[in-house]
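None of the figures in this text is laboratory data; all of them are computed from the coordinates on show. If you're wondering where the values come from, they're calculated on a predicted model, not measured in any experiment. Cβ coordinates were reconstructed from backbone atoms using ideal geometry, including for glycine residues, and neighbour counts include every protein chain displayed.
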Amino acid sequence: MLISEFGNRLDMQCIVSFTLDSEFGNVSRKYKLKSVAKVRRIGKKALMLVNTPHSDALPMDFSREMERLGAINYAGAWSMAIDVTDSVFMPFFAELIEIPSVVIDAVLIENDRCMFYFRFHENNRQNVGNTVMKNSSVLKGLSIPFFGKASDRVESIHQLSTEIPLHYVEITTKVPPQSLDIQKDRVITTFGNHWLREIKYLYDGNTHSVYYELDKLLSTGPDTVEISAKEKTYETTFQNPLIDYFFAQCTESYIALLGMGQKLSGREFSFYTVIPSMNLERFTGIMLQSFSKFSTWNMSLVEIMPGLRL
């Protein structure tokens, strides 16, 4: 299982909770909803992809209100993209993800409470704490339920799955020679062909990630940020057509991807993703389309399982 290789390389975790300042927050409080979300920045806009389980016990008024917000009901899940460009939490979010090691695992919304779950490296502890404190006056009803040592990656996903059902999906591929340029690919010239990485966020065509070098660092440049030289942990950006495809298709389908980790070992490229179980049917369709679209990558499914049973 690829995810087990990540351990607790990001050894700190924080949960920040505050009141969501949006119309969906009002609807969520009214109907006592529990949803999962992911924040995406696209150009100058910011969207929150929200996934909410459907329940036949909810009144018809609920469906009308969700449709008014632009939500789509598909296979037992309400999915929508909320414009949060001007939301009061966006300056906090923007500052948080600029911290080199911060990886936001999930955003949970319960009633009108919004909870950011994120991990980071011990070396960025002070920076994270300062960012939270700096934004405390604008985040209404701010509380910090947890700030301390992180569980390993498998345990952290398992804990999240007790809040809302999640599925783990792992795929392995063989990178076609034409997509592995050992002379011009900045990731290869920096880290070689043996590394792990966790995606932080996608912005303006570049995917920002935390890298864990498994061999010897080949070079550094102005776009590579050192997080911990001792633990061979860095932050930089990359472009990959296969990963870009999953991000684009899931955004178009309003699916909140809750983390994606990847490994390159020679030409073997593996990756996992964690999704809300309520969106498994739609994600499966995207995955099967990718097998056809990227036929030269020789993709194969490794496993799909709920909740990362321990």
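Observations, loosely collected:
- Eligible lysines near residue 44 by straight Cα distance, threshold 27 Å, same-chain separation 8 or greater: 134, 140, 200
- Sequence-separation-based contact order of region 10-161, relative, with Cα cut under 8 Å and 6+ spacing, percent: 39
- Which of 54, 194 has the fewest Cβ neighbours within 10 Å, and the rest in rising order: 194, 54
- Per-residue Cβ neighbour counts within 10 Å put 119, 9, 125 in the sequence 125, 9, 119, beginning with the fewest.
- Normalised contact order of the chain, rounded percent, pairs of Cα under 8 Å and 6 or more residues apart: 24
- For residue 30, the aspartates and glutamates whose Cα comes closer than 18 Å to its Cα, not counting residues fewer than 8 places off in the same chain, are 21, 56, 61, 65, 67, 110, 112.
- Applying the Karplus relation 6.51 cos²θ - 1.76 cosθ + 1.60 with θ = phi - 60° to region 290-297 yields 3J(HN,Hα) values of 5, 4, 6, 5, 10, 4, 6, 8 Hz, where x marks Gly and Pro.
- Calculated on alpha-carbon atoms, Rg and Dmax of the chain in Å: 19.1, 60
- Exposure proxy ranking, count of Cβ atoms within 10 Å, fewest first, for 302, 102, 225: 302, 225, 102
- Evaluating 6.51 cos²θ - 1.76 cosθ + 1.60 at θ = phi - 60° for every residue in region 249-255, the Karplus couplings come out as 5, 6, 5, 4, 8, 6, 9 Hz, glycine and proline recorded as x.
- Across region 166-306, the mean sequence separation of Cα contacts (distance under 8 Å, 6 or more residues apart), normalised by length, yields a relative contact order of 38 percent.
- Close amide-amide hydrogen proximity is noted between residue 140 and 19, each under 5 Å apart and 5 or more residues distant or on a separate chain (H modeled in the peptide plane; Pro and chain starts excluded).
- Residue-averaged 222 nm ellipticity for the chain, from DSSP H runs of 4+ at -39500 (n - 2.57), nearest 500: -7500 deg cm²/dmol
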